[in-house]
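Comments concern the structure below.
The values are calculated or read from the model by the stated rules, or taken from the named source; none is laboratory data. Model, not experiment: these values are computed from the prediction. Neighbour counts run over all protein chains shown; Cβ positions are idealised from the backbone, glycine included. SASA here: full protein model, heavy atoms, side chains in, ligands and nucleic acids out. Shrake-Rupley method; radii C 1.70, N 1.55, O 1.52, S 1.80 Å.
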Amino acid sequence: MKRFFCLFVLVCALLCGCSGETAPVQQTIFCMDTVMDLQVWGKDAEEGIAQIGAALKDLERTWSAVSEDSLLCRLNRGDPVSLSEEESALLQRIEGLSEQTGGAFNPKLRALSECWGFYNENHRVPSPSEITAALLESQWDLGGALKGYAGQECAVLLSQLDVDRAMLVLGGNVQTYGEKPDGAPWQIGIQNPDGSGNLGILSVSGTMSIVTSGDYQRYFEVDGVKYHHILDPENGYPADSGLCSVTIICRDGLTADCLSTALFVMGLEKATEFWRSSDDFEAVFVTTGGAIYATEGASLSGCQYEVISR
């Protein structure tokens, strides 16, 4: 995992700059193969942190793509399994989002990702025949969906407690909960793909999910060529869409997570058409040439960008 910690530092710095804030209860954990920073304010903050940590670990155990006894691995092996109503609903929603994006988000590329070595870090460029064979396999991989789902589930947990607000940084995902005391929006930094700090600042209000997918997060290089982990379901190679970063702002974490991958794969033109046909999310795009585009409902500051209108 690359640069997720940079996002964590940036968000924390922005939070610490808020004057008059009561100190939150904080915890940093490693879960779902990434660093997660949890901050909760309110009377039940300690209980909220405890419940969130337990929920995240439980989701990791259930949907792990590498633990042999996880539900996901048993599904991929074809073992007989009994899905709970919640588990079945999650898989159905993910398949629905895949269909909605025309397959640009594909949750069944486990074999393909393994072929490229993105599970055990034994990176390699597979042969065309290996890629073709891997594409024929249909094995679940919720890496592009689970953290978004986890964020929204954590928000549901907090809504059942006496908690004022929370900021959860789950790797490349940010989940906000509740309002700040002065009514000011949350300030979320978008990582510059070149690693030089933040590209710009998003202002979001209330309970929202902000998810970024980028070619700088997980990658390897061979003979000077960079191969990143966002794979194109059409050809099995790292997506070459002209984009290096996509950030989605949405009230539904699962949708945000899946769309950040899908719109990256689509490229700017198709992603813009997809946004214009939707009404439940906003987006910020960064091209490989460094140009920044933001949909008209995205409150972005600190950088120059072109507005995408309906």
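Measuring from a point 7 Å past the Cα of V225 along Cα-to-C-beta, which residues in region 108-152 have an amide N at less than 17 Å?
Of the residues in region 108-152, 115-118, 123-132 have backbone N under 17 Å from the label point off V225.
Would you mind putting 140-147, 200-207 in packing order, based on average other-beta-carbon counts within 10 Å, highest first?
140-147, 200-207
Quote to one decimal, in nm, the extra length available between A133 and D58 on full extension: 0.36 nm per residue of separation minus the C-alpha distance between them.
23.7 nm is the gain from fully extending A133 to D58.
With the chain treated as a Gaussian network of Cα nodes joined by springs under 10 Å, which of S209, S138, S277 yields the largest mean-square fluctuation?
Judging by the Gaussian network model, the answer is S277.
Along the charge dipole of region 207-310, Cβ charges K/R +1 and D/E -1, which of V222, S209, F285 sits furthest on the positive end?
Ranked along the dipole, the leading option is S209.
Write down the accessible area per residue of the chain in Å², having rolled a 1.4 Å probe over the full set of protein chains.
44 Å²
Return the whole-Å distance between the Cα centroid of region 35-79 and the Cα centroid of region 232-293.
26 Å
Which percent of the accessible heavy-atom area of region 196-310 goes to carbon and sulfur, probe 1.4 angstrom?
41 percent
Could you please report the charge total around I308, scoring K, R as +1 and D, E as -1 over all other residues with beta-carbon less than 15 angstrom from its beta-carbon?
Around I308, the surrounding residues sum to -3.
Work out the charge dipole of region 55-163 with +1 on the Cβ of Lys and Arg and -1 on the Cβ of Asp and Glu about the Cα centre, then indicate which of G151, T101, L136 is farthest towards its positive end.
The residue sitting most towards the positive pole is L136.
Can you list the DSSP H helices in the chain whose Cα atoms extend at least 24 Å along the helix axis and whose mean Kyte-Doolittle hydropathy is -0.5 or higher?
45-63
Tally Lys and Arg at +1 and Asp and Glu at -1 over the other residues with C-beta under 12 Å from the C-beta of E114: what net charge comes out?
Cβ neighbours under 12 Å give a net charge of -2.
Give me the one-decimal nm value for the distance between modelled label points at D182 and R124, 7 Å along each residue's Cα-to-Cβ direction.
In this crude spin-label approximation the distance works out to 5.6 nm.
Restricting to bridges with both residues inside the chain, how much of the DSSP beta-bridge set is antiparallel, in percent to the nearest 5?
Taking every DSSP beta bridge with both residues in the chain, the antiparallel ones total about 95 percent.
Which length gain, in nm to one decimal place, applies between F30 and T287 when the Cα-Cα distance is subtracted from 0.36 nm times their residue separation?
Residue separation times 0.36 nm, minus the Cα-Cα distance, leaves 89.5 nm.
Got the relative contact order for the chain handy, in percent, Cα pairs under 8 Å and 6 or more residues apart?
Normalised by residue count, the contact order of the chain is 17 percent.
Using a simple charge model, +1 on the beta-carbon of Lys and Arg, -1 on the beta-carbon of Asp and Glu, nothing else, what dipole does the chain show about its Cα centre, in debye to the nearest 20?
It works out to roughly 400 debye.
Lysine pairs, Cα distance under 28 Å, 8 or more residues apart or cross-chain: how many in the chain?
So the count works out to 18.
Would you calculate the separation in nanometres between label points at N235 and R74, each defined as 7 Å from the Cα along the Cα-to-beta-carbon direction?
4.0 nm
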